[in-house]
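Here's the structure we're looking at; comments come further down.
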Amino acid sequence: MNRRLEPELMDTAEQALAYAAADFAASNTLFMELLRQLDPGPLDGARALDLGCGPADIVIRFLRAYPKAHCDALDGSRPMLDLAQSALDALPGLAPRCRLLCDILPSAQLQADHYDLILSNSLLHHLHDPQVLWRTIQDSARPGALVLIMDLMRPASPGWAEALVETYTPGEPEILREDFRNSLYAAFEPQEVVAQLATAGLDCLEVGVVSDRHLAVMGRLPV
C-alpha cells in the first residue's frame, strides 16, 4: 500500500479534544515499557525532549517515572499544547519540570547538543519530510544520548488498515476514526525507516516492530 500524506498538524480544537479524550493507555504504556527496556540507569536526572508531545500524556508518565528528570515538550498545535498545559497545571508537582514549546521542526527554540534523551510518539507519520526529525535528533541530542521514537506502521493493504480502525476505534467519534485511518495511510513501513536512518547517518539506532500497528526506533547515539 502506497503512503498517502496527511496534514502535518492536528491544529483544530475538535481534533485536539477528540485525541485527548481517546484511550491511548495501551500504546502509551507500551512506550514507557520500551523506555525502561532501553536503559533505565541514567534517566532519573535526564534532560529530555519530547517531540510532538500532543496533550502531554507521555510527558506526564515520564516525569512521574523519573522524579528528578526535566522535559522540554514541543508541538506545533496550539490546541494540543493548551490541553497539555491544563493537564500539567493539575499536577503542580510535575509542572515545574516541564517546558512546553509551540513550534514545528526544525525549531530554533531547541538547544543544540543539550538533551540526554529524545522521545517521540506518533509524530513521524505526520512529517512530509521525515529527515527533519532525524536532523533534529542529531542537532539537539548530546553525545551518547538515548533515543526512543515510536510511531504507527503502515499496513500492507487498505483492508488491513480498515480492520485496525475497527479494532482500535470502535464507538469513537468519526473525526478520531478518520484521523486514525489517515495516519495509518501516512505511516512508514519498517524498511522505509531503516533507509531514512541510513540516509541520516543514524545506523546506530535499531528499528523494530513492537505491536500489530507500531514500530519503534531505539538506541544510543555515539559518544
Got a number for carbon plus sulfur as a percent of segment 38-120's accessible area, 1.4 Å probe? 53 percent
Nearest-0.05 FRET efficiency for residue 199 and residue 178, computed from C-beta distance (R0 41 Å): 0.85
Could you work out what % of the accessible surface of segment 121-223 is carbon and sulfur, using a 1.4 angstrom probe and leaving DNA, RNA and ligands out of the count? 56 percent
Going 7 Å from the Cα of residue 108 toward and past its Cβ, which residues in segment 118-143 have a backbone nitrogen under 18 Å from where you end up? 136, 139-140
Suppose the chain between residue 47 and residue 5 were pulled fully straight at 0.36 nm per residue; how much longer would it get relative to their current alpha carbon spacing? 11.9 nm
Heavy-atom surface of the chain, accessible at 1.4 Å and reported per residue (Å²): 44 Å²
Quick one: net charge around residue 191, please, counting Lys, Arg +1 and Asp, Glu -1 for every other residue with C-beta under 15 Å from its C-beta. -3
Ranked by how many other beta carbons lie within 10 Å on average, peptides 196-202, 56-62 from highest: 56-62, 196-202
Inter-site label distance for residue 223 and residue 192 at 7 Å from Cα along Cβ, in nm: 3.7 nm
Considering only the other residues whose Cβ falls under 12 Å of the Cβ of residue 220, what net charge follows from Lys and Arg at +1 and Asp and Glu at -1? -2
Can you tell me, using C-alpha contacts under 8 Å and at least 6 residues apart, the relative contact order of segment 53-94 as a whole percent? 53 percent
Percent of beta bridges antiparallel (DSSP, segment 75-223, rounded to nearest 5): 60 percent
Separation of alpha-carbon centers, segment 78-153 and segment 169-223, rounded to whole Å: 16 Å
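The values are calculated or read from the model by the stated rules, or taken from the named source; none is laboratory data. Source: prediction; values computed, not measured. Please note: Cβ atoms are built from the backbone with ideal geometry, for glycine as well, and neighbour counts cover all protein chains shown. With ligands, DNA and RNA removed, areas are computed over all heavy atoms of the protein, side chains included. Shrake-Rupley method; radii C 1.70, N 1.55, O 1.52, S 1.80 Å.
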